[in-house]
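Take a look at the structure below.
What follows is calculated from the coordinates using simple rules that are stated; it is not laboratory data. The shown structure was predicted, so the numbers you read here are calculated from the model rather than taken from an experiment. Cβ placement follows ideal geometry from the backbone for every residue including glycine, while neighbour counts extend to all protein chains displayed.
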Amino acid sequence: MNFHELPGISPEILRAVEDMGFSQMTEIQEKAIPVMMSGREIIAKAPTGTGKTCAFGIPLIQRADLKNSPWIQAVVLCPTRELCTQIVDELRALAKYTSGLRVAAVYGGQSMGPQIEALKKNPQIVVATPGRLLDHMKRRTIQIGKATTVVLDEADEMLDMGFFKDVRKILDSLPKKQQMVMFSATISREVMDIGWLYQRDAEEITVRPVEESRPRITQYCCCTTGRKRFEDLLAILKKEELDRVLIFCNTKYNTSMICDMLTRRGIPAQCIHGDMIQKGRNRVMARFKEGGIPVMVATDVAARGIDVTDIDAVINYDFPTDNETYVHRIGRTARARKEGVSYLFYAADERTRLKNLIRYTRFDISPVSVTEDGTVSPVEEL
C-alpha cells in the first residue's frame, strides 16, 4: 500500500515521507497507522527494522494540535539514549514541512539545562527514557498530565532492563483516558502486564517474519575460544571484505578490549558502551553511520539505538545471553530489504545453547571453522 493511499494524512507529511525515500508502507505501518489514527489503543509485535517509528510517528504528527495546545500532547518512552535520539531525528524528519511541530528529547547522560530549555519551548511531542523523565517530573520541569497519547517503543527491552516500576509511575501520571500504544519485538510477561493494567480493548497487531519479509541474513556459527577466537575474528573480517561491521560483546570490558586489539592490528574500530559520556557515544554513532568507522564494537544496551541501513555483517563475539538478544543483534543487518551476514562464536560447552537457539528461532545457522592459514570453511555438523 502506498503512503498516498492513507486517508487523512497531510500533504506536508507525505512530502516529508517522500524526502525520506519511502513510498510503499511496511506491514506494521499499513496495519498500525489507521488504527492509531482512529484513536484506538495498540499492542503490536513486530520484528526489528520494520518501520515502527513511522508507524507511530505519522499519527502523532498528524493528530497534533499546533495552534491551541501549549502543553505536551504525546510522550514516547524508549529504553536507551541512542534509541531516543534516533526516534527524535526520524520524527523531526517526518515533521520537516509541518510548521510549528516541536519534538524534544529527554534522556540521561546529558545535562538537564539544555533539556529544560527545550521543554520551555512547549513541544507537542516528548521522547524520553523513563529514568530521566521521572527526574524532570520530580523537579517539576515537565508536565505530562494533559498528554493524550503515550507510546512505548521497544517495550520488551525497556521492561526487561528494569524500568517496570518507572514506567508504571509515568503511566499513573497520565490522564486515564489517554491512548496507549506499545510496539515490541516480543510480547513478554511484563509487556502483557502493562497492557492489562493500562490498556482498554487494545488492537493486537502481529507482523510475522514470513519469508518475503524476513531479513535476508546468511547466518554462520563457529566453535572457537581463547586466543584463537580473536584470530578467527580477524580471518572473517579479511575474508568478507566488509565495509561496515557491528561486533557484539556481553561486557564493557570485552568491548573495549576487542576494540583495542583490532586497532593494534591495523583495523580502524571504535567501541560504544554504557560507561561512555553521551557526547562520546553520539560522536562514535555519527561516524559509524556516515561510514567513517568500518568496525564498531558494542554492548547490547548501547546498540539498541543503532539504525543504520547498510551494516554488512553482525558478529556475535560473545554468545548472546538469551535467544531474543540474538534476534535483536542480527536484526541490525539486512535492513531496508538488503542482504547481510552474521557470525556467532561459541565455545564447546555452549553447543547445547546453540542447538536450543536454532530450535527456538528456526534459523538456518551453518557451522564453519577457521584453519590456521585463515581459511573459513564449512563443516558438516555442529
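Could you name the lysines in cross-link range of Lys228, using Cα to Cα under 21 Å and dropping any fewer than eight places away on the same chain?
Within the straight-line limit of under 21 Å, Lys228 reaches these lysines: Lys238, Lys239, Lys252.
So which residue, out of Ile61, Ile277, Ile330, gets the largest mean-square fluctuation from a GNM of the chain using Cα contacts under 10 Å as springs?
Ile277
What do you get for Rg/Rh over the range 137-257 if you use C-alpha atoms and the Kirkwood form of Rh?
1.13
So what's Rg/Rh here for the range 216-378, counting alpha carbon atoms and using the Kirkwood radius for Rh?
0.93
With the contact rule set at Cα under 8 Å and sequence spacing of 6 or more, what percent relative contact order holds for the range 1-135?
Reported relative contact order: 27 percent.
Give me, ordered by chain and number, the residues 5 or more places off Val106 or on other chains with an amide H under 5 Å from its own placed amide H.
Sorted by chain and number, the residues that satisfy this are Val127, Ala128, Thr129.
How big is the range 71-199 along each principal axis, measuring the range of its Cα positions in Å and listing the largest first?
39, 31, 30
Can you work out D for the range 234-296 in µm² s⁻¹ from Stokes-Einstein, where Rh is the Kirkwood radius over C-alpha pairs, the temperature is 20 °C and the viscosity is 1.002 mPa s?
Estimated diffusion coefficient is 177 µm²/s.
How much net charge surrounds Lys96 when only the other residues with a Cβ under 10 Å from the Cβ of Lys96 are counted, with Lys and Arg +1 and Asp and Glu -1?
0
For the chain, what is the convex hull volume of the alpha-carbon atoms per residue, in Å³?
137 Å³
Pairing rule first: another cysteine's C-beta must sit under 4.7 Å. Under that rule, which cysteines of the chain stay single?
When partners are defined as cysteine Cβ atoms under 4.7 Å apart, the chain leaves Cys54, Cys78, Cys84, Cys221, Cys222, Cys223, Cys249 without one.
Which whole-number percent is the relative contact order of the chain (Cα, under 8 Å, 6+ apart)?
Value for the chain: 18 percent.
Please find the FRET efficiency linking Thr375 to Thr225, where r is the Cβ-Cβ separation and R0 is fixed at 30 Å, and quote it to the nearest 0.05.
After rounding to 0.05, the efficiency reads 0.95.
What list of ³J(HN,Hα) couplings, whole Hz, do you get for the range 143-157 from phi and the Karplus terms 6.51, -1.76, 1.60, once you set θ to phi - 60° and write x for glycine and proline?
With coefficients 6.51, -1.76 and 1.60, one gets 10, 10, x, 10, 5, 9, 9, 10, 10, 9, 9, 6, 4, 4, 5 Hz.
Dividing the convex hull volume of the alpha carbon atoms of the range 286-382 by its residue count, what do you get in Å³ per residue?
126 Å³
For Thr218, enumerate residues with amide H under 5 Å from its amide H, sequence gap 5+ or separate chain, H modeled in the peptide plane.
Gly340, Val341, Ser342
Provide the net charge surrounding Cys259, with neighbours chosen by a C-beta distance below 14 Å and charges set as Lys +1, Arg +1, Asp -1, Glu -1.
With Lys, Arg at +1 and Asp, Glu at -1, the net is +2.
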